[in-house]
Amino acid sequence: MSSKYSGLKIFHYQDKLDTLEKTKSEISAPIHIRIKPTNVCNHNCWYCAYKSDDLQLGQDMVEKDYIPEQKMMEIIDDCKDMGVKAITFSGGGEPFTYRYFQQTIEKLIDKKIAFASLTNGSKLNGEIAELFAKNATWLRVSIDGYNDESYAKARDVKEGEFSKIINNMKEFTNIENRTCNLGVSFIIDATNYTKIYQFCELIKDIGVDSIKLSGCVVANDGNENNKYHEPFFNEAKELSQKVKNELEDENFEVFDSYHYLEDKFDKDYTWCPYSQILPVIGADLNIYPCQDKAYNLDNGLVGSIKDKRFKDFWFNDKDKFFKINPSKDCQNHCVANGKNQMILDYLDAQHLGFV
Ligand code: SF4
């Protein structure tokens, strides 16, 4: 089965790889952009990386921030002009609470830019759900609870929200001519790990196309995070493998990403290739190198587009991509670490004839 989660996709973009290094004067467009349209959220997850004091994500996030409508339209025009291939919406806040979300999605459809979103699924209904079903590449609903009670507790929402979201997803899968892949990301923690299999059966039954199983990140330090998972790790891992072995088929992809993190998040490289490949535009109109550095003004800021167009910012002055030195600035969890290492290895390869 082909994997939508392959970490090797960047190797389809030779031109991009050829311009990444500082010594290459050319700057090429990012391939994929993550946009955080709003920092407002209608849920309050206990482990939310943007709100938890124990996690460095989001330390400078202002909750009321959102991207003004005109600026969002300008960003999309720029993405089209630059040749950006895809845009993913994520939080900060819940993308579907962004007041101009429908206009944004209509513009992306008009401009023929591929798009996707992470969401809690609470507002996945009506016209916006139709637009996504027929035009988005994928939509991933993050879930932690396994019934109304556990979900309400994990997210500080009223009981019934879980059932509503399951129903939203069920209706979404039944939208006629749906082409959008609907995935669920199940966040494994100490309170829900025994229900992994039962939850996956439920979402497979309602027609969800894929599930990603991953561990709840509770600390910046890998060791501390692993200590949290240790008491139940083996049992949870066994269940996630059982899901993979027994529930995966041609209509239901299972991506088992439940694993211990590295003890330390140290990096030994001095520049970050992925910051030029998949940058983040925050609701504060700052550009960040990645999801893991979003809303970190100290050591995660590439620059701002408050007073300039995104395309003018991007193509002017390559040095901005090399200000962040991962060996010093990124002692944090980094989703692109493995991909960065592969790209750096590829760029540094010598004696190429001796394959
Ligand atoms: S956290 Fe990772 S992706 Fe982000 S800037 Fe550091 S090395 Fe790059």
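The values are calculated or read from the model by the stated rules, or taken from the named source; none is laboratory data. All of these numbers come straight from a predicted model, not from anything done at the bench. Cβ placement follows ideal geometry from the backbone for every residue including glycine, while neighbour counts extend to all protein chains displayed. The protein model used for the area step is the full one, side chains on, heavy atoms only, and it has no ligands, DNA or RNA in it. Shrake-Rupley method; radii C 1.70, N 1.55, O 1.52, S 1.80 Å.
Is it true that some residue in the stretch 257-268 is closer than 23 Å to Phe11 by Cβ and either in contact with a helix residue (DSSP H, G or I) (Cβ under 7 Å, 6 or more places away or on another chain) or crowded, with 21+ Cβ neighbours inside 10 Å (or both)? Yes, the stretch 257-268 contains a residue that is closer than 23 Å to Phe11 by Cβ and either in contact with a helix residue (DSSP H, G or I) (Cβ under 7 Å, 6 or more places away or on another chain) or crowded, with 21+ Cβ neighbours inside 10 Å (or both). Specify the residue that is nearest to the ligand (Cβ to nearest atom); the eligible residues are those in the stretch 250-302 that are hydroxyl-bearing (Ser, Thr, Tyr) and part of a loop (DSSP other than H, G, I, E, B). It comes out as Tyr269. For the stretch 314-343, the candidate set comprises residues that are in a helix (DSSP H, G or I), within 22 Å of the chain's Cα centre (by Cα) and more than 30 Å from Asp77 (Cα to Cα); within that set, the residue that is farthest from the ligand (Cβ to nearest atom) is Met342.
Name the single residue that is farthest from Ala294 (Cα to Cα) among those in the stretch 14-58 being modelled with pLDDT of 80 or more and aliphatic (A, V, I, L, M). Result: Leu17.
In summary, Ile87 fulfils each of the numbered conditions (1) closer than 23 Å to Leu139 by Cα; (2) open to solvent by 50 Å² or more (accessible area, probe 1.4 Å); (3) outside any loop (DSSP other than H, G, I, E, B) with the single exception of condition (2). Taking the criterion of being of a type in the set (A, V, I, L, M, F, W, C), surrounded by fewer than 24 Cβ atoms within 10 Å (Cβ to Cβ) and over 19 Å from Ile87 (Cβ atoms), would at least one residue in the stretch 281-302 satisfy it? Checked against the condition, which is being of a type in the set (A, V, I, L, M, F, W, C), surrounded by fewer than 24 Cβ atoms within 10 Å (Cβ to Cβ) and over 19 Å from Ile87 (Cβ atoms), the stretch 281-302 yields at least one hit. The residue that is nearest to the chain's Cα centre (by Cα), counting only those in the stretch 259-288 that are modelled with pLDDT under 95 and over 30 Å from Val40 (Cβ atoms), is His259. Could you list all residues from the stretch 102-152 that are part of a loop (DSSP other than H, G, I, E, B), closer than 19 Å to Arg178 by Cα and either of a type in the set (A, V, I, L, M, F, W, C) or open to solvent by 40 Å² or more (accessible area, probe 1.4 Å) (or both)? Correct list: Lys112, Ile113, Lys123, Leu124, Asn125, Ala136, Thr137.
Considering (1) within 16 Å of the ligand (Cβ to nearest atom); (2) free of Cβ contacts under 8 Å to residues at least 12 places away in the same chain, the lone condition that Asp221 does not fulfil carries the number (2).
Conditions (1) free of Cβ contacts under 8 Å to residues at least 12 places away in the same chain; (2) surrounded by 12 or more Cβ atoms within 10 Å (Cβ to Cβ); (3) farther than 30 Å from Glu262 by Cα, marked per residue:
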position: Lys311; (1), (2), (3): no, yes, yes
position: Lys318; (1), (2), (3): no, yes, yes
position: Phe321; (1), (2), (3): no, yes, no
position: Asp329; (1), (2), (3): no, yes, no
position: Gly338; (1), (2), (3): no, no, no
position: Tyr346; (1), (2), (3): no, yes, no
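Let me spell it out: the conditions are (1) at pLDDT below 95; (2) assigned to a helix (DSSP H, G or I), and Lys311 meets all of them except one. Which number is the exception? It is condition (1) that Lys311 fails.
Going through Lys227, Lys237 one at a time, which residue ends up being away from the ligand (no atom under 16 Å from the Cβ), over 29 Å from Ile87 (Cα atoms) and crowded, with 17+ Cβ neighbours inside 10 Å?
Details: Lys227 fails: crowded, with 17+ Cβ neighbours inside 10 Å.
Of Lys227, Lys237, the one residue that is away from the ligand (no atom under 16 Å from the Cβ), over 29 Å from Ile87 (Cα atoms) and crowded, with 17+ Cβ neighbours inside 10 Å is Lys237.
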